[in-house]
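The values are calculated or read from the model by the stated rules, or taken from the named source; none is laboratory data. If you're wondering where the values come from, they're calculated on a predicted model, not measured in any experiment. Note: ideal-geometry Cβ built from the backbone for every residue, glycine included; neighbour counts use all protein chains shown.
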Amino acid sequence: MPDVKDLPDPTPHPDSPNVPRFAAEKPGVKISPIGFVFGIGALLILGIAAYLTFGPKPAPPPQPVLTAEARQYLPNLGLENVHMQASESFSNQRVIEILGDIKNNGNRTVKQALVTCVFRDWGQQVVAQENDYIVGGTAGELPPGATKPFRLAFDTIPDTWTQALPALVIREIKFQ
């Protein structure tokens, strides 16, 4: 029987093609655990940003409704001395101002009145609609028989409008 010393070494040489390679020894890109965590975090942040940017949008607020009571009272409110002027804001933006007076010819105190300004282009297509209160808030209430001045300022009207006075429509009236 041969001596154990005389037998060839059973472990193959590391450069031999028959040596099995373990996963840790495979050549290629090695990613550290910290890099993996940062990569997952970056993907998560990008996913959240995409969802907030392109995801579902909240429903627009409901349009103001002129109640039957307000519709009946509407002829008692008059818009007088309405005119328009343009000025420049502190940030060098053009500001369109609509100035005038609202008169309450009725017998009720108006707590709020919302007006919609409808801006049109030369083809009479609506290019902008802006809502603003002409009674209420800082302007205060409008008692019976009183007249109050109002000022509406807009800086987002597109250049395609006719530069003519927009249509003013009272959309909402609230009483005291």
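Filter region 143-155 for residues that are in contact with an Asp or Glu (Cβ under 8 Å, 6 or more places away or on another chain) and of a type outside the set (Gly, Ala, Ser) and give the result.
THR147, LYS148, PRO149, PHE150, ARG151, LEU152, PHE154, listed by residue number.
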Open item on the list: Within region 151-170, does at least one residue satisfy the condition of being touching a Lys or Arg at 6+ places or on another chain (Cβ under 7 Å), under 29 Å from GLU69 (Cβ atoms) and assigned to a loop (DSSP other than H, G, I, E, B)?
Closed with: no
Open item on the list: Which of the numbered conditions does GLY123 fail, given that it passes all the others? Conditions: (1) closer than 20 Å to ALA86 by Cα; (2) assigned to a loop (DSSP other than H, G, I, E, B).
Closed with: (1)
TODO: Take region 15-42 and flag every residue that is among the aromatic types (Phe, Trp, Tyr) and at pLDDT 85 or above.
DONE: PHE36, PHE38
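For region 72-110, give me each residue that is basic (Lys, Arg), under 23 Å from ALA139 (Cα atoms) and either in contact with a Gly (Cβ under 6 Å, 6 or more places away or on another chain) or at pLDDT below 90 (or both).
Within region 72-110, the subset basic (Lys, Arg) is 94, 103, 108.
Cutting the leftovers down to under 23 Å from ALA139 (Cα atoms) gives us 103, 108.
LYS103 - this is the single residue of region 72-110 that is basic (Lys, Arg), under 23 Å from ALA139 (Cα atoms) and either in contact with a Gly (Cβ under 6 Å, 6 or more places away or on another chain) or at pLDDT below 90 (or both).
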